[in-house]
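First comes the structure, then the notes that go with it.
Taken together, the values in this text are just the output of simple stated rules run on the coordinates, not laboratory data. On a predicted model such as this, the values are computed, not experimentally measured, just so you know. Using ideal geometry, Cβ is built from the backbone for each residue, glycine included, and neighbour counts are taken over all protein chains shown.
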Amino acid sequence: MSSVATLPLPAGAGARPRSAASLLPWVVLAVLAAFPLIAPAFGLEYYIGFVRRLLIVMIAATSLNFILGYGGMVALGHAGFVGVGAYTVVAMVEAGVGSAWAAWGMAIVISAVFAAAIGAVSLRARGVYFLMITLAFAQMLYYLAVSLRTYGGDDGYGIYTPLSLGGLDGLHADIFYWVVLALAALVFAFSSRVAVSRFGHALMGIRDNETRMAAMGYPVYRIKLVAFTGAGAVAGLAGALLASHNNFVSPSLMHWTESATLLVMVAIGGMGKRWGGPLGVAIWLTLAEVLKLYTEYWHWPIGLMLILVVFFAPKGVATLFERKEKTQ
Amino acid sequence: MDAIFIFEQLLNGLGYGLMLFLLAAGLTLVFGIMDTMNLAHGSLYMAGAYIAAKVHESSGSFLGAVLVAIVATILIAALIEWLVVRRLYSRDHLAQVLATFGVILIADDLVKAIWGPSPIMAPTPAALTGPVQLLAELPYPAYRLVLLGVGLAVALGLYLLVNHTRMGMLVRAGASNRSMAEFMGVRVGRVFSFVFALGAALAALAGALMGPIGAVQIGMGEAILIPALVVIVIGGIGSVRGAFVAALLVGLVDTAGRAFLPPMLRAVLPPSLAADLGPALAGIAMYVLMAAVLTLKPAGLFPARA
Amino acid sequence: ADPVKVGIALDISGPFAAAGAEARDGFDLAIETLGGKLGGQPAEFLKTDFAGNPEQANQLVTRYLQRDKIDFFTGPIASNSALAVGPALFAAKVPFISSNPGPSQFAGKQCNPFFFGQYQNDTYDEAAGKFANEKGYKNMVIIAPNYPAGKDHLNGFKRIYSGALKDEIYTKVGQIDYAAEIAQIRAAKPDAVFFFLPGGMGINFIKQYIGGGLKEIPLVAPGFSADQDVIQAVGEPMLGLYNTAHWTHDLPLPANAAFVSAFRKKYDGRYPTVYAAMAYDAIMAMDAAVRDVGGKLDDRAAVAKALAKPSFKSVRGEFSYGANNNPVQNYYLRVVEKDAEGKLTNKLVGTVMEKHQDAYVGECAL
Amino acid sequence: MSATSLFEAKGLVKRFGGLLATDHVDITVEPGEIHALIGPNGAGKSTLVNLISGLLPLDEGSLSLDGVELAALAPHQRVRAGLSRCFQVTSVFKSDTVLDNLLLAAQAHAGSSFRFLSRRAAEDVLMETALRLAETVGLADVLGRIAGTLPHGAQRKLDVALALAARPRLLLLDEPMAGMGPEDSLQMVALIEQLRAQTAILLIEHDMDAVFQLADRISVLVYGRVLTSGDASHIKGHPEVQAVYLGTEAHA
Amino acid sequence: MKHEALLSCRGLEAGYGASQVLFGLDFDIHAGEVLTLLGRNGMGKSTTIKTLIGGLRAKKGEIRFGGKPIHGARADAIARLGVAIVPEGRQCFPNLTVREHLLAFADNRNGLRDAWTLDRLYGLFPRLKERAGNMGNQLSGGEQQMLAIARALSTNPRLLILDEATEGLAPVIRDEIWRCLDQLKAVGQTTLVVDKYVEKLVLLADRHIILERGRIAWTGSSVELDSDRGLWTRYLGV
Ligand SMILES: Nc1ncnc2c1ncn2[C@@H]1O[C@H](COP(=O)(O)OP(=O)(O)OP(=O)(O)O)[C@@H](O)[C@H]1O
Ligand SMILES: Nc1ncnc2c1ncn2[C@@H]1O[C@H](COP(=O)(O)OP(=O)(O)OP(=O)(O)O)[C@@H](O)[C@H]1O
Ligand SMILES: [Mg+2]
Ligand SMILES: [Mg+2]
């Protein structure tokens, strides 16, 4: 039979040559890593914290993008898992745990458990029904948190002694920034790797034609559940980091508008595009931050942008950016 | 807890249910039947409420105010449809959610710029303030009776329109397979514009009618969006009958949860726990109901498209 | 010298937009009155909306602290926002002059020399409780949303109210329909009803309460549930509603008269709300403090001391700070009536509590 | 009928509301046999296939393949048990290339899909399987085309290829010739003929030339019930079958 | 007999994005005649039809219907002029019942005296009457096919276009369809047919067009086609 090489292979199949595109992540990573060192020189200390927050939200967005873009699961409850992660940290603090690693690890586990349970129920529904049932569970979590007296309920919960990073403490004022950066990079790398793995391909197949996948012998439900649980766990990590970032947690983390915003960010950036999550988050949060500086009417420009994106970059900003990538 | 009280609470449940249906009606049409996720429905609802409130205050005629609100909102909707929504019919739900979410953000800022950030006055029509005696022991807000009536009328009208008129068939056809509908000679664009306007009219009606018993303020639209969607989804997207049943169900469950759950829990649980648990559960009753229904029937109570 | 920097967290969109806008007008008026200066020093007032979201408030304050290096902070409406921003401010030793929220935490265990309250949340309810006793309400129904703040407020009321409680109802946060609760109240047949339902919830409740034919059962509420913004949204049904506050626009004091007339002049005849008054006071407090320390703001401790001994004429009249930096002040009874022009507004009825200190001062280590 | 049938369905029942779409159907397939299922439109043929493949839940009845009881298994488990199917309406991944379609099919039957870190593109095994499949159905020269833009016939072939990846012992074909021109039909017939060696086949088809040419045994389904069963000549000669189904084609 | 052209195509070119499929087709359909489009899979039959009914923009050339130019006209407008299609793959509406399919678009665009009514359509396909309450996606393949044909007839079109209308139908039903088309022809229904049962088509149709890679390779009468088996093997792979 004919060998792989001589066949008319479609673009994209087989290993890509190392292009400028494949270097991009490293460049971005380097710049971000250097930022805290250069920022003070320009009096941009504040933006270290700002970028740190961006990175954390990017983790959440990337996890959502995974089930949304690759899995075709339009979930409107993702902030719920962010919240579970954050409140796990709160619970750990309340229980006297001081180690960030322990708290974050626990956050991952607990939110994974929640995601598994919620997914097990939700994933039987499709399309809008799925969207709404995920929303329902997130809302339950929200109201639960609101009425949870021990953890401050609606008032939220302040973390007065920041969690310890163990050996890393005191190495540098911005050590937490680098930890976040490392984790964000890890999540990004992992998700873009999974996207081209067997699992990723199976997931995309399910997105495109679920019945056919089942008829070809794929354990559709299990694959979706695993993806959903993983995404939930990562979102939980983001929540835990957010708790450490703000040293404050409140139910508003879980409000449905937060879930919607996550969806919006991913969609702006580009569903199923590896840069989709990061781009969307960067655009959205930066806009919100900047606009507020200049006007109290800072919602409508964002609204306008949303509409424009839908019409002129229907597959997300990442696609525009992709074209550039190709021409390089 | 005497019979009258229970009866009254059931009545309240139905009342709230019909109120919910009223809120969901326009959305049932545009989202359920036309399969277009229009979050801006909330904004149209808000527009209806504001316009009606302002006109009522200045003119003193409530009926006139409602009519003006409906007409004005239809015009606004027409503009939105022409600028945004028209381009969204052929797109997936997510795109629709995004763009119409954008519309919401714009609308909220606009309303704030025009009428300010504070809630505005929406007086109850003079004739309908205060209660009427349903039974000797049971006064019931006159205005609510009107709401119930309108809710029922809308439900019936919508059901007939969707399931027993040609327009209804054409809308459904266009929604499920636009190009085939056009091959059959349907002016899908025109049909959709009409239905969208109708949806807007219902949104305005709901807004105008809710004003007198609720806060007319920015964000009021978003607040009703979720309950409305819940109702539609529980009922089964695309089924008017489903939305109606679901609305009543949610209304009853929610009211019952608020009225009967706390006392019951107090009876069985330690007071402090009951005090915490009761309201918490009552608060999420609607969502629990939806989750339960969708778990058992993943396509809602009355799946329209089997 | 570089200008005094004041960080203001505006709350003019989101759930508390109405109150937030009132506060904004109060700030603006004060700034205008002072000619944009504080204690004679040139001052810079940074204002940013944070949409009533604690996380965003947190972000904002970080920016104020790290980028703008503010000397004073004020602004948020809700307690949860205050709690969210407190720690960072206290750590940076930046005085936080509350323009409304007085969470029990900051009055008690988490009290801090750099926090300055306007009133402690529960005190309004305590005043309401005292009024209920004086009015001789034998049994009442009390109602609030189901979250800790709601419970705090009801506890505040119960702390003083000595009559019987027919029922204690907790409602869903952001509830639209109150028919069920109103039916419960009708069934309970209380002498009066005390409710804490902020924002839209209160508006819904009052409208439906009157519509439900319970006019005869008087409503009692903490001031902010019956302030000008609510009144203008609800209208007639508000008539005769008793409410308690530490300020009212017809307090017969020169400072207050000046403020109210200036406010009504600037904002087309609108009566100011408590939010506006407190915001105005907050800026005035800063003004006085800057003057007292002769513009030396680097010595934060001194600034805090100065703030703790208010040397300005407050629109609320004489007041001092207790050990927990929460005020010791009078609380007044107001009732909604029509003024000369037939406009609905609050009228001062009398003083309910004199020189009242909140209940948490004991827990404060200061 | 031998006791050692490869596949055995007993008393299958499926109701759609009031309608008995499948009415106590017994059916068997012998090893290496091509068993054709014909019958009027709406007789319940596709429903039967859906019941066997598990896309529709059974109301009553039992299914076994090589003695393995299938009724309790989920669709994907039945595939693993050696039962694979095609669809009456072509069901391929229209926006992917033919190659990606085949790779996906290959992956389903070469080890676990729960591998997260290794790039699939690097797995030559899958590539080889995919290419083999392509050659089998004769799509080797359009591997790069987007499936959705292929001519109808080619898409049908792809559909079959996807089913073949499972190396089934029983293959369910629901109108494989649907919408094919004479030429493609002939090719499809040839393909099925050649598959006979690898797997037994349950074939639904309205193209009688194909049926009579391929089938070892033909069962006629009418109103959800098996009317009769036998070889081509038996069926052609059967008066009822002529009346309800074949019409003029019996003499064609 | 002499017909004026009901539909005429000149230099028609069309395709999908970059890939052109049709390369300059010229043909007429005369009122009352039955014309077929023949050719192997992928030769452009459906593409031609899609272009005629406005589902696909013509790159070049002109299409006239009853004298009026309709290339570039909107699909629904063309349909209302009296063009009805039974599309490849049925395209029944999943959220309409069988009955609704036959009522929603009902019209008499051909101004017939004995127009198709619901009852006549049920008469043609009794099976549909049995399933009147089923949704479009609750039908068997063949039932959907019947529905698609009945739906097209319900508009009483001036030009009826059938793209593989007998796909998936049982032989008896296929015979029904042929008989029905014969009757329609008898009452002067203009029809354009794409189907693989050439031997039936030569009995039914007046003229035939054979497409080869998007070009007209041959055109002629049934008699000519029937007599020249070379064409069958060369172009139709029979
Ligand atoms: N989801 C459903 N709900 C209700 N009835 C259905 C459903 N699906 C199929 N049916 C009915 O069940 C009967 C059998 O359908 P099926 O598709 O098995 O027929 P078939 O033998 O495959 O016909 P064809 O040869 O035309 O494909 C049909 O009469 C159809 O109307
Ligand atoms: N949506 C599409 N996008 C791109 N190419 C297409 C598309 N649809 C069809 N084609 C191509 O156009 C050519 C003609 O297709 P068409 O469907 O017209 O052929 P046909 O004669 O109808 O064949 P069949 O008998 O299979 O229906 C084929 O090569 C097909 O691959
Ligand atoms: Mg079938
Ligand atoms: Mg075709």
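Among D:GLY153, A:MET92, C:GLY294, flag the residue with its Cα farthest along the positive direction of the charge dipole of the protein assembly as shown, charges on Cβ as +1 for Lys/Arg and -1 for Asp/Glu.
Looking along the dipole axis, the top candidate is D:GLY153.
What percent do you get for the relative contact order of chain D when only Cα pairs under 8 Å and 6+ apart count?
Across chain D, relative contact order equals 27 percent.
State the answer as a single residue: which of E:LEU128, D:LEU104, B:VAL162 lies farthest towards the positive end of the charge dipole of the protein assembly as shown, with beta carbon charges of +1 for Lys and Arg and -1 for Asp and Glu, about the Cα centre.
Comparing the listed Cα positions along the dipole, D:LEU104 ranks first.
For A:LEU37, put the label point 7 Å out on the Cα→Cβ axis and report which residues of region A:165-201 keep their amide N under 16 Å from it.
Under 16 Å, as judged by backbone N against the label point of A:LEU37, lie A:171-179, A:181-182 of region A:165-201.
What FRET efficiency do you get for A:ALA95 and A:TRP26 if R0 is 45 Å and r is their Cβ-Cβ distance, rounded to the nearest 0.05?
It comes out at approximately 0.65.
Helix-only estimate, please: 222 nm mean residue ellipticity of chain E, summing -39500 (n - 2.57) across DSSP H runs of length 4 or more and dividing by its residues, to the nearest 500.
-9000 deg cm²/dmol
Sort E:222-229, B:33-40 by the packing proxy (mean of other Cβ within 10 Å over each peptide's residues), most packed first.
Ranked from most to least packed, the peptides come out as B:33-40, E:222-229.
Measure out, as a whole number of angstrom, how far apart the alpha-carbon centroids of region C:238-274 and region D:125-174 sit.
81 Å
For region D:3-38 and region B:236-304, what is the centre-to-centre distance using only Cα atoms, to the nearest Å?
Comparing the Cα centres of region D:3-38 and region B:236-304, I get a distance of 44 Å.
Could you work out, residue by residue across C:298-309, how many beta carbons of other chains sit within 10 Å of that residue's beta carbon, and then give the average as an integer?
0
Taking beta carbons within 10 Å but only from partner chains, what does the mean come to for residues A:145-152?
Mean inter-chain Cβ contacts per residue within 10 Å come to 5.
So, by mean Cβ neighbours within 10 angstrom, what's the order for E:77-89, B:223-235, B:199-211 with the highest one leading?
The densest-packed peptide leads the list: B:199-211, B:223-235, E:77-89.
Describe numerically, in nm with one decimal, the distance between label points set 7 Å from Cα along Cα→Cβ at D:GLU128 and at A:GLU45.
6.4 nm
Please give every one of the lysines within straight-line cross-link reach of D:LYS10, meaning a C-alpha to C-alpha distance under 30 Å, and leave out same-chain neighbours fewer than 8 residues apart.
List returned: B:LYS297, D:LYS45, D:LYS236.
Once the Cα atoms of helix D:152-164 and of chain D are each reduced to a long axis, what angle between those two axes, in degrees from 0 to 90 to the nearest 10, is obtained?
Helix D:152-164 sits at roughly 80 degrees to that axis.
What FRET efficiency would be calculated for the residue pair C:GLU32, C:ASP268, taking the C-beta separation as r and a Förster radius of 22 Å, to the nearest 0.05?
The calculated FRET efficiency here is 0.90.
Take every Cα pair under 8 Å in chain B that's 6+ residues apart, average their separations, divide by the length, and report that relative contact order as a whole percent.
Relative contact order for chain B comes out at 34 percent.
Run the paramagnetic zone check for A:THR211: 7 angstrom along Cα to Cβ, then residues of region D:85-99 with backbone nitrogen under 19 Å.
Under 19 Å, as judged by backbone N against the label point of A:THR211, lie D:85-96 of region D:85-99.
Mind jotting down a quarter of the surface of the convex hull over the alpha carbons of chain E, in square nanometres, one decimal?
12.5 nm²
Spin-label point model (7 Å from Cα, Cβ direction): what's the C:GLU354 to B:ALA126 distance in nm?
For C:GLU354 paired with B:ALA126, the spin-label model returns 4.7 nm.
In Å and on Cα atoms, what radius of gyration and Dmax does region D:72-231 show?
Looking at region D:72-231, its Cα Rg and Dmax stand at 16.4, 54 Å.
Mean separation of Cα pairs under 8 Å and 6+ residues apart, divided by the residue count of region A:41-255: what relative contact order is that in percent?
Normalised by residue count, the contact order of region A:41-255 is 45 percent.
For C:PHE115, what residues show an amide H to amide H distance below 5 Å, using hydrogens built from the backbone and excluding near sequence neighbours?
C:PHE96
Of the options C:LEU214, D:ALA200, C:LEU344, report the single residue whose Cα projects farthest towards the positive end of the charge dipole of the protein assembly as shown (beta-carbon charges: Lys, Arg +1; Asp, Glu -1).
In the protein assembly as shown, that residue is D:ALA200.
Counting just the Cα atoms, what span does region B:243-306 cover along each of its three principal axes? Round to the nearest Å and put the largest first.
For region B:243-306, the Cα spread along each principal axis is 47, 20, 15 Å.
Students often check this: by mean Cβ neighbours within 10 Å, which of C:97-106, B:68-77, D:141-150, A:35-44 ranks highest, and how do the rest follow?
Result, highest mean first: C:97-106, B:68-77, D:141-150, A:35-44.
On a straight-distance basis, which lysines could pair with C:LYS215 in a cross-link, Cα separation under 21 angstrom, same-chain partners fewer than 8 positions away excluded?
C:LYS135, C:LYS138, C:LYS166, C:LYS189, C:LYS207, C:LYS338, C:LYS343, C:LYS347
Please report, for the Cα atoms of region E:154-238, the Rg to one decimal and the Dmax as a whole number; what are they, in angstrom?
For region E:154-238, the Cα radius of gyration and maximum Cα-Cα distance read 13.4, 39 Å.
Taking the Cα centre of chain C as the origin, how large is its charge dipole in debye, to the nearest 20, when only Lys and Arg (+1) and Asp and Glu (-1) carry charge on their Cβ atoms?
280 debye
Per-residue mean of other chain beta-carbon atoms within 10 angstrom of the beta-carbon, peptide C:178-190?
Average per residue, whole number: 6.
Under 30 Å Cα to Cα from E:LYS68, which lysines show up? Leave out anything in the same chain fewer than 8 places away.
Cα-Cα hits under 30 Å: E:LYS2, E:LYS45, E:LYS50, E:LYS59, E:LYS60, E:LYS185.
Please give the Cα centre distance for region A:51-100 versus region B:168-197, rounded to the nearest Å.
Cα centres, region A:51-100 to region B:168-197: 42 Å.
For region B:78-226, what is the Kirkwood hydrodynamic radius in Å, using each pair of distinct C-alpha atoms?
With all distinct Cα pairs of region B:78-226 included, I get 18.3 Å.
Return the distance in nm (one decimal) between the two label points of a simple spin-label model at D:ALA243 and E:ASP26, each offset 7 Å from Cα along Cα→Cβ.
5.5 nm
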